[in-house]
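Novice: Handing you this structure, nothing more for now.
Values quoted throughout were computed directly from the atomic coordinates according to the rules given, and no laboratory measurement underlies them. If you're wondering where the values come from, they're calculated on a predicted model, not measured in any experiment. Neighbour counts are summed over all protein chains in view; Cβ atoms, including those assigned to glycine, are modelled from backbone coordinates with ideal geometry.
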Amino acid sequence: QQPVQSPQAVILREGEDAVINCSSSKALYSVHWYRQKHGEAPVFLMILLKGGEQKGHEKISASFNEKKQQSSLYLTASQLSYSGTYFCGTEPSNAGGTSYGKLTFGQGTILTVHP
Amino acid sequence: KAGVTQTPRYLIKTRGQQVTLSCSPISGHRSVSWYQQTPGQGLQFLFEYFSETQRNKGNFPGRFSGRQFSNSRSEMNVSTLELGDSALYLCASFPGQGASYEQYFGPGTRLTVT
């Protein structure tokens, strides 16, 4: 089942902060965050694993609440380059310690940053 | 390292035809996943290959198939094309073993079925 992202869209001025949420009805092993600009491929931002491990870009932060199966992506001091569609992709907990490459993606959150 | 490459980038086909798309993963990555992206359905998982074996499959009809070669390059094939198959087809690669790894996406193949 597809994770639910909120909000669907957000508009910011440069320098403002935003939070994007991703919620799943299934027990999760990991949450992946990607950003996609129009006409381009999704770009990896962050992985959050069950147990607390995280891998990602220095300027991106995120959280993963394993009990609630929710993840949030925090974008601080936004820049024009942050504009794009943000997707969360989830792996169910039965994936164990091996990724089988099957991510179920949310519907996306469109982020627009204005000067 | 060179990124994930996909060929062709754009393709126009007619209903009923078949099409083959190619994906070359990042060097050293043994796993390739395929996704279909449409405005209505978003990003949907098609299948994943590791060491020439399909490990996982999404909910797509049998017209969608794939394979992986010994050099980890992967192809997907769609037979008897339908108008609804028009989409951006993305492949992603990652090491394929051990803990969950980030997937690196290729630029995609834009397929238009007329």
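Novice: Once the Cβ-Cβ distance between B:Glu82 and A:Lys26 is put in as r, and R0 is 35 Å, what FRET efficiency do you end up with, to the nearest 0.05?
Specialist: Numbers: r = 30 Å, r/R0 = 0.86.
Efficiency, rounded to the nearest 0.05: 0.70.
Novice: Name all residues of the stretch B:60-85 having a backbone nitrogen under 15 Å from the label point set 7 Å from the Cα of B:Lys13 along its Cα→Cβ direction, giving them as ranges.
Specialist: Inside the label zone: B:61-67, B:75-85.
Novice: Given a Förster distance of 41 angstrom, what is the FRET efficiency for B:Ser51 paired with A:Lys55, based on the Cβ-Cβ distance and rounded to 0.05? It would help to have the intermediate numbers written out before the result.
Specialist: Values: r = 24 Å, r/R0 = 0.57.
Between B:Ser51 and A:Lys55 the formula returns 0.95.
Novice: Where the centroid of each part is defined by its Cα atoms, how far is the stretch B:65-114 from the stretch A:24-58 in Å?
Specialist: 19
Novice: Tally Lys/Arg at +1 and Asp/Glu at -1 over every other residue whose Cβ is under 12 Å from the Cβ of B:Thr53; what's the total?
Specialist: It works out to a net charge of +2.
Novice: Sticking with this structure for a sec: Of all alpha-carbon pairs in the stretch B:70-114, indicate the percentage at a distance above 11 angstrom.
Specialist: On the way: 740 of 990 pairs.
Here the long-distance tail beyond 11 Å is 75 percent of all Cα pairs in the stretch B:70-114.
Novice: Please get the size of the charge dipole for the protein assembly as shown, origin at its Cα centre, with Cβ charges of +1 on Lys and Arg and -1 on Asp and Glu, quoted in debye to the nearest 20.
Specialist: Numbers: 21 positive and 14 negative charges, 86 e Å.
That gives the protein assembly as shown a dipole magnitude of about 420 debye.
Novice: May I pose another question? Count the DSSP beta bridges whose two residues both fall in chain A, then state the antiparallel fraction as a percent rounded to the nearest 5.
Specialist: Antiparallel bridges: around 90 percent, rounded to the nearest 5.
Novice: At 0.36 nm per residue, minus the direct Cα-Cα distance, what do A:Gln2 and A:Glu40 gain on full extension? Give it in nm, one decimal, please. Let's see the in-between values first.
Specialist: Values: separation 38, 0.36 × 38 = 13.68 nm, distance 2.24 nm.
Stretched fully, the A:Gln2-A:Glu40 segment lengthens by 11.4 nm.
Novice: Each residue of the stretch B:70-76 in order: what ³J(HN,Hα) in whole Hz does its phi give by Karplus 6.51 cos²θ - 1.76 cosθ + 1.60, θ = phi - 60°, with x for Gly and Pro?
Specialist: Values per residue, Gly and Pro as x: 5, 8, 6, 4, 10, 10, 10 Hz.
Novice: I've got another one for you. In square nanometres, what is the average projected area of the Cα convex hull of the protein assembly as shown?
Specialist: On the way: hull surface 49.0 nm².
Taking the Cα atoms of the protein assembly as shown, their convex hull projects to 12.2 nm² on average.
Novice: Continuing with this model, one more query. Where in the stretch A:46-60 is the amide nitrogen less than 15 Å from a point lying 7 Å along the Cα-to-Cβ axis of A:Gln79?
Specialist: Taking a point 7 Å out along Cα→Cβ of A:Gln79, the residues of the stretch A:46-60 whose backbone N falls under 15 Å are A:57-60.
Novice: Then there's this: For the stretch A:21-115, which GluC sites (Glu not before Pro) are both in a DSSP coil and crowded by at most 13 other Cβ atoms within 10 Å? Mind showing how you got there, number by number?
Specialist: Working: sites: A:Glu40, A:Glu53, A:Glu58, A:Glu66; in loops: A:Glu40, A:Glu53, A:Glu58, A:Glu66.
Filter output for the stretch A:21-115: A:Glu40, A:Glu53, A:Glu58.
Novice: Then there's this: Scan around B:Lys13 for amide H atoms under 5 Å from its own, H built in the peptide plane at 1.01 Å from N, and keep only partners 5 or more places away or cross-chain.
Specialist: Correct list: B:Thr112, B:Val113, B:Thr114.
Novice: Calculate the FRET efficiency for A:Lys67 and A:Gln107 from the Cβ-Cβ distance with a Förster distance of 22 Å, rounded to the nearest 0.05. Each step should come with its number before you reach the end.
Specialist: Numbers: r = 24 Å, r/R0 = 1.08.
In this case the efficiency is close to 0.40.
Novice: First select every other residue whose beta carbon is under 13 angstrom from the beta carbon of A:Thr112; then total the charges, Lys and Arg +1, Asp and Glu -1.
Specialist: Working: positive: A:Arg13, A:Arg35, A:Lys37; negative: A:Glu14, A:Glu16.
Summing Lys and Arg as +1 and Asp and Glu as -1 gives +1.
Novice: A follow-up question, please. Other chains near A:34-45: what is the mean number of their Cβ atoms within 10 Å of each residue's Cβ? Please list the in-between numbers first.
Specialist: Details: counts 5, 0, 4, 0, 0, 4, 3, 13, 9, 3, 7, 1.
Taking all residues of A:34-45 together, the mean is 4.
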